[in-house]
Every structure is written in structure tokens, then in C-alpha cells.
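Asker: I am attaching a structure below and will ask some questions about it afterwards.
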Amino acid sequence: MKRHLIPSLAAAAALALLTACGGSSGASDQAAGGTQTIKVALWNYATTPEFKAIIDGFQTANPTIKVEPVDILADDYAEKVTTMLAGGDTTDVLTMKNVIDYSRFGTRGQLIPLTDEAKKLDAAKYPGLSSYDLEGKYFALPYRQDFWVLYYNKTLLKQAGVDESKLKNLTWEGYATLAKSLTKGDGGSKVYGAYQHTWRSIVQATSAAQTGGDLLSGDYGFFKDQYSMTLDLQKNGTLMPWATASSQKVTYNTMFSTGKAVLMPMGTWYASTLLADTKSGKTKVEWGMAPLPQRAADGQVTTFGSPTAFAVNKNSKNSDAAKKFVEWASSEAGAMAVAKAGVTPALNSQQILDTYFALPGVPNGDVAKQAFKPGKVVLEMPVSDKSSDVDQILTEEHELIMTGEKSLDDGLAEMSKRVKSEVR
Amino acid sequence: MAVTTLSAGTSRRRSSTWIGWSFILPNFLGFAALTLVPVIAALALSFLDWDSYSTPRWVGLDNFERMIHNDTFWTALKNTAYYAVGHVPLTLCAALGFAVLLNQKLRGARFFRTALFFPYITSLVAVAVVWNMLLSPDLGPVNQFLRAIGIDSPPGWTTSTTWAMPAVIVASVWRDLGYYMILYLAGLQTIPAELYEAAEVDGANGWQRFWSITVPSLRPTTFFVLIMLTISSFKVFDLIQVMTEGGPGRSTLVLSQVIYREGIVQGRFGYSSAVSMVLFVIVLTITLIQFQLQRRSER
């Protein structure tokens with residue numbers, strides 16, 4: 001707190017300027033004996049199993065290339081990579097954590113074009129590939145594709161006498177009724193029928209995907225049904241109040257893995273956490289996966305999600321080896337390695353699904369298999385230069401609606417007004 | 001003869017100037033590299049459009065124009081002023097009050113001094129998390145206490161747009177008061193005991209002694225505390241970032257957060273530098289006004 005008058009961030013920005021001019025005298029990358037070393041920027045290496053799976057697999061397939069992970073804290077990933085690139089960093093491969101950051105790096109010419117490599121992939125088998133299309137050019141190849149499903153606690157469901165098959169074709173209305181009936185107890189021993197994490201996407205991206213609404217449009221009437229249901233469930237005590245979850249920084253993993261909530265809409269990435277925690281004995285929860293509830297029970301499953309990709313840094317001194325790595329990660333062999341780590345790969349095929357469901361601990365009944373074949377996966381947030389500004393506004397107004405500081409109608413009107421007037 | 005004396009004097013003066021410079025050199029180098037150059041760079045950046053990779057583009061006053069028409073900037077400016085208006089006087093009074101109290105020969109005064117200083121050296125994230133727990137709308141001890149004494153609908157604190165800022169101010173006062181209390185304690189040691197003895201002989205009571213001796217004698221300390229507090233209030237970032245992240249909505253969003261979001265998160269370093277220049281000018285102006293007032297009151 002005892003810094004000088006000057007905002008330290010200005011200092012950071014200027015330092016970045018200085019270092020950018022200096023360029024980077026990166027370590028010598030060509031080691032003796034013809035082996036090459038490439039560096040891969042990634043996050044939480046110890047707790048994100050697919051990174052190690054991909055790196056190990058790639059090194060086995062390419063013994064002359066050594067891969068060195070550059071581990072970054074997940075929460076700071078985008079900021080850290082931005083700062084690194086500003087300093088002329090030569091880390092060869094950059095993981096694109098989300099498509100908004102990707103479009104930022106891509107349009108600013110920080111990544112090597114991979115259009116030819118992308119064209120080699122069968123778009124029908126890579127549902128996430130089109131998200132990386134920046135006016136006909138590709139700068140990254142997806143290796144992983146997450147989408148949202150409904151997790152449920154098998155033990156608590158059985159205790160309440162609800163058959164799992166009921167979840168196979170659930171509507172949001174059915175979800176609300178079921179969650180209400182599953183809520184039990186009071187105070188510290190309360191079990192919530194459902195837990196919806198504090199993120200805006202649970203309400204907003206679901207609405208957008210299932211009604212066909214556009215999150216960047218500035219007209220948000222299509223959020224209304226989903227918000228009404230969520231606010232109603234919060235009011236009657238079926239959901240933990242948003243304000244409590246937010247101020248206590250409640251983690252969804254705690255809510256679900258300790259049996260504090262029976263149903264929980266969440267991304268497929270959570271399955272790999274559950275698998276790892278079950279294996280290490282951290283949790284004993286009996287869990288299952290069902291398709292995300294729908295607006296109508298017509299058998300069509302529409303959900304939302306995001307792909308994750310690898311890209312090659314423009315400053316890379318080993319761009320050929322780096323490209324090889326990126327291509328391998330999204331190939332069939334890479335997808336197998338990812339699936340074996342309990343993560344959903346970008347490549348979608350029956351063989352991959354079989355590999356995934358054969359893993360010990362993965363729930364593999366009908367309901368889970370249904371959950372893994374969504375009819376349509378809509379991108380969580382459309383890619384545009386306006387995405388991050390719109391995201392900020394939608395997040396702020398989401399907080400106000402969920403804490404009851406603004407009525408639903410006022411909140412939706414304010415979202416529209418702000419997106420239309422503030423986003424340029 | 002006269003000439004040699006003169007030149008000897010000049011060279012002595014010159015060499016002592018050099019010695020003087022060499023003493024402040026290490027500090028000045030650090031200041032120049034880490035503060036002065038970046039500030040000048042930030043000033044230049046505020047007229048550029050720069051995303052940290054591509055070639056900067058001269059945009060003149062565009063960044064400032066965008067800022068003036070941006071609702072979020074004005075909200076953040078208002079919130080920053082609100083925070084400062086709450087934080088500065090409260091911390092000042094609390095620090096002075098505790099310093100006077102703990103300057104007496106009480107049992108356990110040392111213990112309480114340490115206890116009050118502790119928050120200042122505690123990890124900020126821990127402070128923010130604990131305050132969030134205390135102020136939790138349903139389960140927090142603060143609201144449970146308020147309910148117990150008959151307030152049916154206590155405020156939602158960090159989850160309410162009305163109460164979030166007061167909550168943040170209270171937490172920051174608690175955190176900062178220890179440091180300023182130590183400054184005041186040091187100031188109190190310099191007041192000669194004879195003044196109090198004389199006042200006592202003249203029959204002045206406690207309040208009269210406080211207002212007529214303690215407060216005026218502490219004026220230099222108060223001035224220093226006031227300047228430091230004002231500057232730190234306008235620069236507040238960390239506690240708010242951890243406690244509320246500027247929320248709910250934008251009710252606790254302050255200028256430093258706008259600078260961070262626009263610069264580090266969004267990569268708009270030009271715009272972000274423009275906002276930081278505005279913050280710099282505000283802090284500079286207020287500090288100059290305070291110096292002016294201090295000079296006038298000394299006359």
C-alpha cells in the first residue's frame with residue numbers, strides 16, 4: 001500500500017513497452033544431439049490431466065522433440081499470456097483457454113496461421129473447429145471440446161425414490177419440480193435440490209443456445225424464462241441464494257461432491273475432476289451425468305460449450321516442431337490420449353466415445369451415453385471484438401438480478417440499454 | 001589570494017553537491033526506473049492506441065473523449081470519491097482515537113497496540129475473505145447479531161448495491177488504522193509532558209487538554225497521515241478486487257479496477273493509461289490543495 005502516487009499499472013504497461021523493445025534473448029532451443037525442445041504455455045499442470053497425457057503421447061510419437069510445460073495459474077492465464085507476449089516471449093505453443101482470448105491474439109497477428117492444417121481436418125468430426133474461423137483464417141486447432149450436462153447424485157436420487165431414467169428427457173420445468181421435491185433439511189445439514197453456480201452462463205448461455213437468441217444482439221428478452229425459473233427456485237429455497245454462494249465464494253465442487261446438492265448443471269470438464277478425486281479418495285460421491293434439461297421434451301438435446309485449442313506463437317523459434325505438436329494434439333491419437341485422461345476431446349467419433357466410457361469410474365449407463373451425444377452444441381459466447389465488453393455488462397447485470405437489487409424486467413432492460421450504448 | 005579562496009569555496013561546494021547527489025543516487029535510480037520513466041511512458045501511451053503487440057497508433061485525444069462518454073468511467077470515479085470520503089476521515093479518527101487511548105499507561109496497552117497493528121500486516125486476501133464471511137447476508141455473525149437485537153431485515157452488505165461500499169470501507173478502515181495509529185503514537189511521544197501538567201494545574205479537563213494541546217501538537221503528523229490516506233484511498237484496488245470485484249453490478253467499481261480491466265485484461269493500454277492519467281491528476285490536485293491549506297494554517 002505504500003507505493004508512490006502513480007498507479008502501478010501504468011508502470012507495468014510502460015515496463016512492458018520497455019521489454020518489448022528489448023526483445024527476447026530466449027534460451028537456446030536447439031539442444032545437442034538433434035533433439036529440439038518446445039515450450040507449451042498451459043495452466044494448472046498438476047490438476048489438469050490432459051496436458052500431461054498429450055505431452056507424454058506426443059513425445060512418444062516424436063522422440064526427437066522434447067516438450068517443456070510452462071505452468072501458469074488458471075485464473076491469471078489470459079493476463080499472464082498477454083503480458084508474456086507483450087514482452088516478446090518465445091514460448092512456442094500457447095493454449096487458447098477460450099475463443100474470446102483466441103480472437104484477440106489471432107486478430108492482433110500474434111499467432112502463426114494454421115489455415116492449411118485446419119483444412120485437413122474433417123469439420124463434421126470437429127464440432128468446435130468453426131469457432132476458430134477468423135474471416136477464413138485459422139490460427140489454432142482444437143484438442144478439447146467441453147459442453148454442459150446435468151450432474152446428479154445417484155445416492156440421493158435413489159433415497160428420494162426417483163428413477164434415473166427420468167433424467168434422460170428432462171425439461172426445465174421438470175428439473176424445477178424435481179429439484180423442489182429433492183430439497184431437504186435446514187441450516188448446516190440442508191441438502192439443496194439443485195446447485196447453479198454463480199456464473200451468468202448457466203442462465204444466459206443456456207437461454208441463448210436453446211431459444212436461438214444472440215448474446216451480442218443487445219435484446220435480451222429471451223433470457224426471461226430461464227431467469228424466472230432460477231429466481232423462483234432461489235426464492236423457495238431449492239437453490240442456495242446467489243448472494244450467499246458469491247459472498248462465501250462457494251465452489252461447485254464442494255456443493256456437489258459433499259452431497260449438498262442433488263442436481264447440478266455443469267460442464268463436462270467437471271467429470272475429470274470427479275474421476276481424479278474419486279481415484280484419490282477425496283470424494284465418495286456416486287455420480288451420474290444426464291443431458292442438460294431442455295425447453296420441450298421433444299428428444300432434441302441442445303446444449304452449449306466451448307472448445308479449447310493450441311496455437312503457435314509468432315515469435316516461436318521452433319515453429320515447425322510447434323506445429324507438429326498442435327496437429328498431433330487434435331489428431332485421432334491426441335484425442336485418444338485426451339479421452340483416456342477423462343476429458344472430452346475435440347474429435348468426436350464412436351471410437352473416442354467408447355474409449356471414454358470404458359474408463360474406470362465413468363458412469364456408463366444409458367443416461368450418461370445420451371448426455372454425451374447432444375444434438376447441437378452452441379458456442380458459449382459468440383466471437384467478436386465486442387464479446388469481452390458485452391460479457392462484462394452481462395456479468396454485472398446478472399449479479400444485480402440474482403441478488404434481487406433489480407427486478408428481472410429492469411435488469412433485462414438495463415442490459416439492453418448498456419450493450420447498445422456502451423459497446424462500440 | 002582572494003581568487004584562490006573563492007575557487008576553493010566553489011569547488012568544495014561543488015564536491016559536496018556531488019556527494020549529496022551520490023547519497024540519493026541509489027534511491028533515485030530505483031525511482032526513475034520503476035516510477036518516473038513508466039509515468040512518462042504512460043503519459044505518452046494515453047495518446048496512443050496500443051494493444052501491447054502491434055505498432056502504437058497516434059490517436060490524439062480519442063482515449064480521453066471515449067472516457068468522457070463512458071458511463072463506467074463516471075461510475076468508477078463517483079465510487080472512488082465515495083470510498084475516499086468514507087475511508088479518509090474514519091481511518092483518521094479511529095487511528096487518532098486508538099493512539100490517544102493506547103498512549104496511556106494502561107494494563108495491556110502493548111498487547112492492544114500489537115493487536116491493532118496486526119490487520120495491517122495480515123495477508124490481504126485473508127482479510128477480505130474473513131470480512132466476507134462476517135458480513136455474509138444469511139449466515140454471517142454480523143447479521144445474526146443484528147437479528148438478535150431485533151433488526152428483522154439487516155442489510156445484505158457486499159451483496160447489496162447500497163451497502164457494499166460501506167462494508168468495504170469498514171473493512172479497509174479496520175485494516176489500515178493500525179498503521180496510522182503507530183504514526184500517531186510516535187507523534188504523541190513528542191508532545192512535552194509539561195504542557196499537560198501546566199494545563200492540569202490551570203484546571204483544564206480531559207477534553208480541553210485533548211483539543212487544545214494534543215490536536216494542535218499533532219498537526220504535522222495529521223498532515224502527513226491525511227496525505228498518505230488520501231493517496232491510498234484514491235488508489236484502492238486490492239481489497240475491493242478480492243471482496244467484491246467491483247460488484248454487485250458496478251456498485252464498488254473504482255478507477256484502479258477500470259485501469260486494470262482495460263489494460264491488463266482487455267489489452268487496451270492506451271485507454272487504460274488515459275484513465276490512470278486522470279487518476280494521477282486528481283490525486284496530484286488534491287495533494288496540492290492539502291499542501292496549500294496546510295501552509296495557510298501554519299501562518
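The values are calculated or read from the model by the stated rules, or taken from the named source; none is laboratory data. None of these values were measured; they are calculated from a predicted model. Cβ sites come from the backbone with ideal geometry, for glycine too, and all protein chains shown count toward neighbours. Keep in mind that these areas ignore ligands, DNA and RNA; they rest on the heavy atoms of the full protein, side chains included. Shrake-Rupley method; radii C 1.70, N 1.55, O 1.52, S 1.80 Å.
Asker: Exactly one condition in (1) open to solvent by 20 Å² or more (accessible area, probe 1.4 Å); (2) among the aromatic types (Phe, Trp, Tyr); (3) touching a strand residue (DSSP E or B) at 6+ places or on another chain (Cβ under 9 Å); (4) under 18 Å from B:VAL265 (Cβ atoms) is not met by B:TRP58; state its number.
Answerer: Evaluating B:TRP58 over (1) open to solvent by 20 Å² or more (accessible area, probe 1.4 Å); (2) among the aromatic types (Phe, Trp, Tyr); (3) touching a strand residue (DSSP E or B) at 6+ places or on another chain (Cβ under 9 Å); (4) under 18 Å from B:VAL265 (Cβ atoms) leaves (4) as the failure.
Asker: Looking at A:ILE401, A:ILE352, which is the one that is of a type in the set (Val, Ile, Thr) and within 14 Å of chain B (Cβ to nearest Cβ)? Quick ask: steps written out before the conclusion?
Answerer: Values: A:ILE352 fails: within 14 Å of chain B (Cβ to nearest Cβ).
It is A:ILE401.
Asker: Hey, can you tell me all the residues within the range B:114-127 that are open to solvent by less than 70 Å² (accessible area, probe 1.4 Å), under 19 Å from B:ALA94 (Cβ atoms) and more than 10 Å from every other protein chain (Cβ to nearest Cβ)?
Answerer: Of everything in the range B:114-127, those that are open to solvent by less than 70 Å² (accessible area, probe 1.4 Å), under 19 Å from B:ALA94 (Cβ atoms) and more than 10 Å from every other protein chain (Cβ to nearest Cβ) turn out to be B:ALA115, B:LEU116, B:PHE117, B:PRO119, B:THR122, B:VAL127.
Asker: So which of B:PHE111, B:PHE117, B:PHE145, B:PHE98 is closer than 30 Å to B:PRO220 by Cβ, aromatic (Phe, Trp, Tyr) and out of contact with any helix residue (DSSP H, G or I) (no Cβ under 6 Å at 6 or more places or on another chain)?
Answerer: Checking each option against the conditions leaves just B:PHE111.
Asker: Condition check: within 17 Å of the chain's Cα centre (by Cα), modelled with pLDDT under 95, more than 8 Å from chain A (Cβ to nearest Cβ) and closer than 28 Å to B:THR159 by Cα. Does B:LEU239 satisfy that?
Answerer: Spelling it out, B:LEU239 is indeed within 17 Å of the chain's Cα centre (by Cα), modelled with pLDDT under 95, more than 8 Å from chain A (Cβ to nearest Cβ) and closer than 28 Å to B:THR159 by Cα.
Asker: Moving on to the next point. For the range B:177-262, give me every one of the helices (runs of 4 or more DSSP H) that falls completely inside it and has 1 or more residues that are within 30 Å of A:LEU400 (Cα to Cα) and among the polar types (S, T, N, Q).
Answerer: B:219-234, B:238-243, B:255-260
Asker: Does at least one position in the range B:68-81 carry a residue that is modelled with pLDDT under 90, in contact with a Pro (Cβ under 8 Å, 6 or more places away or on another chain), surrounded by 11 or more Cβ atoms within 10 Å (Cβ to Cβ) and farther than 17 Å from B:PHE280 by Cα?
Answerer: No, the range B:68-81 contains no residue that is modelled with pLDDT under 90, in contact with a Pro (Cβ under 8 Å, 6 or more places away or on another chain), surrounded by 11 or more Cβ atoms within 10 Å (Cβ to Cβ) and farther than 17 Å from B:PHE280 by Cα.
Asker: What do you reckon, is A:ASN169 more than 14 Å from every other protein chain (Cβ to nearest Cβ) and either closer than 28 Å to A:GLY361 by Cα or crowded, with 19+ Cβ neighbours inside 10 Å (or both)?
Answerer: yes
Asker: Restricting attention to the range A:247-276, and to residues there that are within 12 Å of chain B (Cβ to nearest Cβ) and under 20 Å from A:THR183 (Cβ atoms), which single residue is least open to solvent (accessible area, probe 1.4 Å)?
Answerer: Restricting to residues being within 12 Å of chain B (Cβ to nearest Cβ) and under 20 Å from A:THR183 (Cβ atoms), the top hit is A:VAL250.
Asker: A further question on this structure: Output the number of residues of the range B:259-270 satisfying the condition of being open to solvent by 10 Å² or more (accessible area, probe 1.4 Å) and more than 8 Å from chain A (Cβ to nearest Cβ).
Answerer: Taking the range B:259-270 and keeping what is open to solvent by 10 Å² or more (accessible area, probe 1.4 Å), we get B:260-262, B:264-266, B:268-269.
Adding the requirement that they be more than 8 Å from chain A (Cβ to nearest Cβ) leaves B:262, B:268.
Total satisfying the criteria: 2.
Asker: Consider A:THR211 carefully, then state whether it is surrounded by 15 or more Cβ atoms within 10 Å (Cβ to Cβ), over 26 Å from B:LEU139 (Cα atoms) and touching a helix residue (DSSP H, G or I) at 6+ places or on another chain (Cβ under 7 Å).
Answerer: yes
Asker: With the checklist (1) assigned to a helix (DSSP H, G or I); (2) within 13 Å of chain A (Cβ to nearest Cβ); (3) open to solvent by 60 Å² or more (accessible area, probe 1.4 Å) in hand, flag the one item B:ARG296 doesn't pass.
Answerer: Only one criterion in (1) assigned to a helix (DSSP H, G or I); (2) within 13 Å of chain A (Cβ to nearest Cβ); (3) open to solvent by 60 Å² or more (accessible area, probe 1.4 Å) is unmet by B:ARG296, namely (2).
Asker: Being over 25 Å from B:LEU135 (Cα atoms), within 21 Å of the chain's Cα centre (by Cα) and of a type in the set (D, E, K, R) is the filter here, so list the residues in the range B:207-236 that pass it.
Answerer: Across the range B:207-236, the qualifying residue is only B:ARG219.
Asker: Now for a different question. Considering only the range A:122-146, state which residues are assigned to a loop (DSSP other than H, G, I, E, B) and in contact with a strand residue (DSSP E or B) (Cβ under 7 Å, 6 or more places away or on another chain).
Answerer: A:TYR126, A:PRO127, A:GLY128, A:PHE139
Asker: Six or more apart or on different chains, Cβ atoms under 6 Å: show the pairs whose first residue is in the range A:200-226 and of a type in the set (Phe, Trp, Tyr) and whose second is not in a loop (DSSP other than H, G, I, E, B).
Answerer: A:TYR220/A:LEU412; A:TYR220/A:MET415; A:TYR220/A:SER416; A:PHE222/A:SER207; A:PHE222/A:THR211; A:PHE223/A:GLN204; A:PHE223/A:SER207
Quick grid of which residues meet (1) of a type outside the set (Lys, Arg); (2) more than 14 Å from chain B (Cβ to nearest Cβ):
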| site | (1), (2) |
| --- | --- |
| A:GLN110 | yes, no |
| A:TYR132 | yes, yes |
| A:LYS137 | no, yes |
| A:LEU141 | yes, yes |
| A:LEU157 | yes, yes |
| A:ALA160 | yes, yes |
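So that you can scan it fast, the table gives a plain yes or no per residue for (1) within 23 Å of B:THR75 (Cα to Cα); (2) of a type in the set (A, V, I, L, M, F, W, C); (3) open to solvent by less than 30 Å² (accessible area, probe 1.4 Å):
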| position | (1), (2), (3) |
| --- | --- |
| B:GLN208 | no, no, no |
| B:PHE224 | no, yes, no |
| B:MET243 | yes, yes, yes |
| B:MET277 | yes, yes, yes |
| B:ILE286 | yes, yes, no |
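Asker: Here's a follow-up. Quickly run through the range B:148-162 and pick out the residues that are more than 12 Å from every other protein chain (Cβ to nearest Cβ) and surrounded by 12 or more Cβ atoms within 10 Å (Cβ to Cβ).
Answerer: Hit for the range B:148-162 is B:PRO154, nothing else.
Asker: If A:LYS224 satisfies every condition in (1) surrounded by fewer than 22 Cβ atoms within 10 Å (Cβ to Cβ); (2) within 14 Å of chain B (Cβ to nearest Cβ); (3) modelled with pLDDT of 90 or more but one, which is the exception?
Answerer: A:LYS224 satisfies every listed condition except (2).
Asker: For a quick check of your reading of the model, give me the residue pairs whose first member lies in the range A:122-150 and is at positive phi, whose second is open to solvent by less than 30 Å² (accessible area, probe 1.4 Å), with beta-carbon atoms closer than 8 Å and at least 6 apart or on different chains.
Answerer: A:GLY136/A:THR115
Asker: Run down A:SER407, A:SER388, A:SER384 and say which single residue is within 14 Å of chain B (Cβ to nearest Cβ) and free of Cβ contacts under 8 Å to residues at least 12 places away in the same chain.
Answerer: Answer to the check: A:SER407.
Asker: Still on this structure, I have one more. Just need a number here: residues in the range B:243-285 that are over 19 Å from B:MET67 (Cβ atoms) and either in contact (Cβ under 8 Å) with a residue 40 or more places away in the chain or polar (S, T, N, Q) (or both).
Answerer: 7
Asker: Additional query: Consider B:PHE47 carefully, then state whether it is surrounded by 16 or more Cβ atoms within 10 Å (Cβ to Cβ) and under 15 Å from B:VAL258 (Cα atoms). Write out each step before concluding.
Answerer: On the way: surrounded by 16 or more Cβ atoms within 10 Å (Cβ to Cβ): yes; under 15 Å from B:VAL258 (Cα atoms): no.
Judged against the criteria, B:PHE47 is not a match.
Asker: Separate question: For the range A:42-74: of the residues being touching a residue at least 40 places away in the same chain (Cβ under 8 Å) and small (Gly, Ala, Ser), which is most open to solvent (accessible area, probe 1.4 Å)?
Answerer: A:ALA61
Asker: How about the range B:128-147: which of its residues are within 11 Å of another protein chain (Cβ to nearest Cβ), among the hydrophobic types (A, V, I, L, M, F, W, C) and open to solvent by less than 70 Å² (accessible area, probe 1.4 Å)?
Answerer: Answer for the range B:128-147, where residues must be within 11 Å of another protein chain (Cβ to nearest Cβ), among the hydrophobic types (A, V, I, L, M, F, W, C) and open to solvent by less than 70 Å² (accessible area, probe 1.4 Å): B:ALA128, B:VAL129, B:TRP131, B:LEU134, B:LEU135.
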